[in-house]
1. State all residues of segment A:102-111 that are surrounded by fewer than 21 Cβ atoms within 10 Å (Cβ to Cβ) and either of a type in the set (Ser, Thr, Tyr) or in a loop (DSSP other than H, G, I, E, B) (or both); if no residue qualifies, say none.
2. Looking only at segment B:677-697, decide whether some residue is away from chain A (no Cβ under 14 Å) and buried (at least 23 other Cβ atoms within 10 Å of the Cβ).
3. Hey, among B:Val426, B:Val413, which residue is free of Cβ contacts under 8 Å to residues at least 12 places away in the same chain and of a type in the set (Val, Ile, Thr)?
4. Would it be correct to say that B:Arg297 is surrounded by fewer than 24 Cβ atoms within 10 Å (Cβ to Cβ) and more than 29 Å from B:Val70 (Cβ to Cβ)?
5. If the requirement is being in contact with an Asp or Glu (Cβ under 8 Å, 6 or more places away or on another chain) and buried (at least 24 other Cβ atoms within 10 Å of the Cβ), which of these qualifies: B:Arg404, B:Arg354?
6. Pick from B:Glu366, B:Glu382, B:Glu294, B:Glu370: which is among the acidic types (Asp, Glu) and in a loop (DSSP other than H, G, I, E, B)?
7. For B:Ala256, are the conditions met, namely being buried (at least 21 other Cβ atoms within 10 Å of the Cβ) and not in a strand (DSSP E or B)?
8. From the list A:Thr143, A:Thr167, A:Thr153, which one is in a strand (DSSP E or B), of a type in the set (S, T, N, Q) and under 12 Å from A:Thr220 (Cβ atoms)?
Amino acid sequence: MSEPDVGAYRRPDNLSELLTLLDRRPTSVLAGGTDLVVMRADGMVDRTQDIVDIKDVSDLRGISLDADGTLTIGAATSLQELAKTPVIPPNAITDGASLVGGWQTRARGTIGGNICRASPAADTLPGVLAADAQLELASTTGTRLVPGHAFFTGPGRTVRKPNELLTRIIVPASLGASAYLRFTYRLAMDLAVVGVAAHLDIKNGRCVAARVALSAAAATPVLAPDAADALVGTELDEPSIEAAAQLVLNTATPIDDGRGSRAHRRTVLPVLAKRAIGIALERAREGHRR
Amino acid sequence: MSAEESGPYLNVGNRLIRRDAAERLTGHTTYAEDIRLPGVLYGVLVPSLVAAGRLRGINVDRAVALDGVVKVLTAKDVTDRCYGNYVKDQPIFARDRVRFVGEPVAMVAATSLAIARRAAGLVEVDIEATTPVVDPREALTSAEVLVHDRDTNVIEDVHISRGDVDAVFDTAHAVVHTEIESHRAHQAYLEPRAVTAAPAPGGFSLIMSTQQPFGVRAQLAELFDLPTGTIEVRVPAIGGGFGGKLHLLFAPQAAAMTLATGRPVQIVCSRAEDMTTGNPRENSIVRMSSAVDESGRILARRCDVVLDAGAYAMDTPVLTSMAAFYATGPYRIDALDIRGRAVYTNTCPTGSFRGPSGPQMVYAAEAQIEDIAQQLGLDPAEVRRRNFIGEGDRGPTGELITLRGTTDECMRVVESRLQRWRQADVAPGDHRRRGYGLACAWWSTLGTPSAATVELHEDGTATLSSGGTEIGTGAISTALPSMVAEELGLRPDRVILKSGGTRDAPYDSGSRGSRTMFATGNAAVLAARAVAEQIRNEASRLLEVDPADLVLREGRVEVKGAPETGMTIAEVSASAHLHSGPVVATGRYRAELAPVEGSELQGARFLRLGEPTFHCHGVEIALDEETGRVDVLNFVAVHDVGRVVNPVGARGQVEGGVVQGIGYALTENLKTNDQGVIVNGNFHDYRLPTIADVPPNIETVFIETNHSHTGPFGAKGLGEPPVILPAAAIGSALRDVLGVQPYQLPLDADRVVLTIAERDSHPVPGPPGSTARPPEPEVEK
């Protein structure tokens, strides 16, 4: 009786061995497995590929804050740990982490997995873009940093090469605050119909820098520069926020699909933008920087 | 049977914990998939990937050549007889034509599931695709695209008429028109459909997740031209059905493979297969007009209902009659012109879902009440009150209502809750607007046939053998034995239940139509009463007392008024076994068919409520006007279902139904695209409500003062009604906030935003009655 070939399972305990395995042949990287296991079972991932499990490489986990305020998140850090972290106050990335799937998914799923899966609807990605984070890719030949907004090339596609591993998410120090909101039909266990992250830097009551990022509004998570630019220089009063929020539609190109209609997504995007900016502003005023 | 007993009862009305609760909760329950027979083959179906086309050829060579494949079947290998409840239109495998995406064209049986799946992918199916018809409106009128070899796609055409409707409409104070469209919903039971067929002498046996083993057996006997008794259907524990497991499902395919190979064959649907080849609740179009006087009294109604049957009729013909029947709602309307039609389309066949046609018909009838009230400037509750049907009135088909109508009593409870909620404070910072709404309905209790056997053993314990199927309500597993215990004067744990298939019990027409507690219960109670009589006769001989003076209570046979004179039931039973014979009886039940008078009925298959039940649901919603999101904050469900046999089970039925109804109203929507492909056949895109999406408190109230004349201990049916009202109540609450309500289901955020936009596109918010409403069309006659 002939069963199809399936790849081997490897679980190295150090990064250099891990990178060597990635270098050797096409490999599926397993972290939480919340997507990979299901996709392999459904035949959406080549089952002949080896599986390299990264959970035993302890360097890949954890959240730390440097003296200069730079935040580093290990790629294999679970979404649950990120959502509950005491290291930093609530922000767009942790907001997103706390919304992915259900409790079980968050306990197992990782930020690196969420990023490399590159779903346009992923909840942590707008936060990564809004925070202007750098994504560190490592291979046997070295490491490189890619800005979040340049990382995603299409649904499920990124600039990561098959022999590279996402190791760390590096978030620069900031004087501002951020927030992420999404629209779902259900209040739990749902996928974003659309989502918006907003990051604000405020000095003397005036917005000095802003980034707005969208999920499920295009083929990849995207920055919405028009909306962000419109915030800069304002005192973040209601009319300014409302007007800026409307400009997310200059960037958004949502589609009609089984999860929502294009028209409704376009209705909801500015509303979420307005509210996310409002929460970020409130957090900034309360001193919840990030 | 008469049931004017007033109690008090020792068991009936007590809170009973489901007998199967512990094994279910601890994961020890055995479902169809868990039973692996020795030598079993794994069956995988090869589906059509197109919605319509000519089947030019099927090449199975590559599949057959695969190591481990035992057999591949196509239409040419099996009988050309078709099956179906009312119209025999469905082949075991598509023959010459395919009619929906997912229709089985072939089946592989192999020694492992993985091999069977691979082999299924190697079957080459050559189909010349043709243009499908997926929209019921188009199907209704099209003469070019015909789903079957008939000159029309209309499969069922039903009329109910009474009185001079035209004359009333011509002279009425006002005519109000309401038109709604509804969507498909999947039953979404947790256990996907599963069946194992195995060879048996002269025929075959099945292990199947079904709500209706005797119906499956009868249809298979006909399909395979076998004596009924050569087929056995065994039903292990079922993980939910909700109407989705009434049909043959994939039993014909599994049986055909077993007959072809002489080996056991198991088919277990994947979730995707289950979601895309089931029989979901049908989408429909309901057009309704009422002629009213100035008080809001409805003098006449026209209604035209179109149900989308999908590619095969299944039980849609009777559902079409039900839809027509329920066009009046729980209101007395003396002049009626109701038409119900069902059309074929090249989509997944639709069929029964708990309360078939109920949610959309209640939505239409209640939206019509609100439209009438709005047009006349009246309170909608008052309009309802002026029209409620009651005792002595005749229903739409002319059935005399012999029970008190209690919809008003139900509604008064709901109104008191709505008033309380309106006065409650809203949390600071919560900017969502509140809406309050209610909906009323009535429903039937199906009185189709059942038999049950009760045997009292020498030790004074009893066995109840029922062909009824426990589908999660507790009616079979828990309520039936307690009712038998009540009749025999035993503790419930002294009555052992044997059920789960066709072998060990006489006929039962299945767990459906809110009938199980009522009709299966009646059969069990009749059997128990006959057994009690045998015991009294035996005791009468032993005690030298008139049997009429004996009562059975607390395990003893006692003389009325002199309880010290008596014997234990065990002693009497043992004596009977020695002297007069085993103590055993079979009860048989079929509800009497009451006369219907005064209506003209053409093609109507559903004529009677039997024992009518009355209902009102009330809801408080919070609406986020910017996103269209609706959250249900509070819910009250009031039901008159006669005597409540098991309060725990009854409350569970209501809460489950309300949640299912909220899902139907707000988030569940099985979507088919213009190519006939279901686009959300999985549990993340088909949005069942989670516990986070339903109100923390669903208050359940039973009006227990209107017992059935014919049900066991006065009980009526409860299974279906809780699911049919929530959408209408939420629609009413949306109107409370917005001044208008959507006329298209589901009431999801997208629809609510469109409804607000449509309302606002009318520049002047005019007087009542001029709100966004389709122009007055003629209801087709």
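1. Passing the criteria: A:Gly102, A:Thr105.
2. No, because not a single residue in segment B:677-697 is away from chain A (no Cβ under 14 Å) and buried (at least 23 other Cβ atoms within 10 Å of the Cβ).
3. B:Val426
4. For B:Arg297, the condition - surrounded by fewer than 24 Cβ atoms within 10 Å (Cβ to Cβ) and more than 29 Å from B:Val70 (Cβ to Cβ) - is met.
5. B:Arg354
6. B:Glu294
7. yes
8. The unique qualifying residue is A:Thr153.
The values are calculated or read from the model by the stated rules, or taken from the named source; none is laboratory data. The structure presented is a predicted model; accordingly, all values stated were derived computationally and were not measured. Here Cβ is always computed from backbone atoms with ideal geometry, including for glycine, and neighbour counts include all displayed protein chains.
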